[in-house]
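Have a look at the structure below before the remarks.
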Amino acid sequence: MELFQSIIDGKEQISLVGLGYVGMPIAVAFSRKVKVMGFDINKEKIEQYKRGIDPTNEVGNKEIAKCMVQFTDDETKLKEAKFHIVAVPTPVTDDHMPDLTPVKDASHLLGRNLTPGSVVVYESTVYPGVTEEICIPILEKESHLKCGTDFKVGYSPERINPGDQTHRLETIVKVVSGMDPETLECISKVYGLVVKAGVYKAPSIKVAEAAKVIENSQRDINIAFMNELSMIFHLMGIDTQEVLQAAGTKWNFLKFFPGLVGGHCIGVDPYYLTYKAEQLGYHSKIILSGRTINDDMGKYIAECLVKNLIKADLRVNRSKVGILGFTFKENCPDTRNTKVIDIVRELNEFGIMPYISDPIADAYEAEQQFGIHFVNLDELCDLDAIIVAVSHKEYRDLRTRDMEVMFNRLSGAKHIIMDIKGIFNQEMFPDREYIYWRL
């Protein structure tokens, strides 16, 4: 509790290690109350923050410009802080194995600059046991300090929803945990400075780690169920959205919807849980089945497009298809683990030419990671089909006339609209002119 009081008095400061979609909002929120240092290994990103530019769009340029965060890419500056929050990504490899490289690297870096009396809190999503079994030994080795004696450790899973301006750090109950009661109380007090919704004290670090990893696994499974229902209802000639609207009138019906499941959480976290289960000799049945369904949705959507091209008597090979949206979710520039790329790759397999437009996606990131080059919306023309892949607010405002100009008017064929997110309705697209399809 002495550390908490020192932070309140301005004698000590908080550091954020990792200034991405999660770390940046945390740093800004704390900077309104106490002294905060924001560290990231990406020098270019740090320079943008210093110039008042927010590449994540999570906080906004205005808030970045006026915040009091001390931005740095100099790791030795971390020695000036005593309360450290680690918020780095935890992705999976191509074969769906947990990739703990970022959190290990952050632990090595922080350990080199850890001073006695510090508290380290991990926010990265991991399987139960990572904090205590992997991170603590690295911190001890690098710092030559003893955990529990010279420094303390806790875990508080991030719950920020990128692109969501309603459910923010301040408005979501924060789960916190610590290696002992004293550490738990300190961590609880510190987060209590900014989290208006309150904190929940988990009884152990492993419980907090497990709570986080099942939050997204549960959502993944529910969406997988909706995706499977969508495939079944298409075979029956039934509109899935209409079925869900009807079923949703019951008070206890869970309102999930079909769609692509990507990003750095929902499409990743279940693999962390099943990996740990495999190590203990248990092979997941439900969780991995849900992952298989969701991972195959890009292929399914591409195949449905091909069927619609044939139905419209259009050639498949070298047909032109516009794809609206490339990010993993709406109103967010993040393209990490986007499942739209699965659609693109499948279309390429059929010889179809995709033209991708996204007004808010990180164009540099998309080019570096996927080799994707965006085109402006007004450059889309002579198309045979349009796939509305992401429900950005810019696309929700589109009307029939806006999309009409994108199609090839000389083909004489019906125009194909593939509405992945179900943001339009059949009435907008008369059967005599359009083939409208949605999940």
Inset, instruction - Hey, could you check segment 310-324 for residues that are touching a Ser or Thr at 6+ places or on another chain (Cβ under 9 Å) and at pLDDT 95 or above and say which is surrounded by the fewest Cβ atoms within 10 Å (Cβ to Cβ)? - result: 322
Inset, instruction - Considering every residue within segment 311-325, establish whether at least one is part of a helix (DSSP H, G or I) and either more than 30 Å from residue 275 (Cβ to Cβ) or charged (D, E, K, R) (or both). - result: yes
Legend entry - Search result, residues across segment 120-156 that are part of a strand (DSSP E or B) and open to solvent by 10 Å² or more (accessible area, probe 1.4 Å): 147, 152
Legend entry - Criterion: over 27 Å from residue 405 (Cβ atoms) and part of a helix (DSSP H, G or I) - qualifying residue of 308, 294, 337: 294
Inset, instruction - Filter segment 14-73 down to the residues that are polar (S, T, N, Q), open to solvent by 10 Å² or more (accessible area, probe 1.4 Å) and in a loop (DSSP other than H, G, I, E, B), then identify the one that is nearest to residue 174 (Cα to Cα). - result: 57
Inset, instruction - Mind counting the residues in segment 223-251 that are free of Cβ contacts under 8 Å to residues at least 40 places away in the same chain and either open to solvent by less than 80 Å² (accessible area, probe 1.4 Å) or of a type in the set (Ser, Thr, Tyr) (or both)? - result: 12
Legend entry - Filter result (among the basic types (Lys, Arg), touching a residue at least 40 places away in the same chain (Cβ under 8 Å) and under 23 Å from residue 385 (Cα atoms)) within segment 283-314: 299, 311
Legend entry - Among the candidates 206, 201, 212, residue that is of a type outside the set (Val, Ile, Thr), within 25 Å of residue 8 (Cβ to Cβ) and touching a helix residue (DSSP H, G or I) at 6+ places or on another chain (Cβ under 8 Å): 201
Inset, instruction - Within segment 376-396, track down each residue that is surrounded by fewer than 22 Cβ atoms within 10 Å (Cβ to Cβ) and under 24 Å from the mean Cα position of the chain (by Cα). - result: 391, 393, 394, 396
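The values are calculated or read from the model by the stated rules, or taken from the named source; none is laboratory data. Values in this document were obtained by computation on a predicted structure and should not be read as measured data. All Cβ positions, glycine included, derive from the backbone under ideal geometry; neighbour counts span all protein chains shown. Heads up: the accessible areas ignore ligands, DNA and RNA and are worked out on the full protein's heavy atoms, side chains in. Shrake-Rupley method; radii C 1.70, N 1.55, O 1.52, S 1.80 Å.
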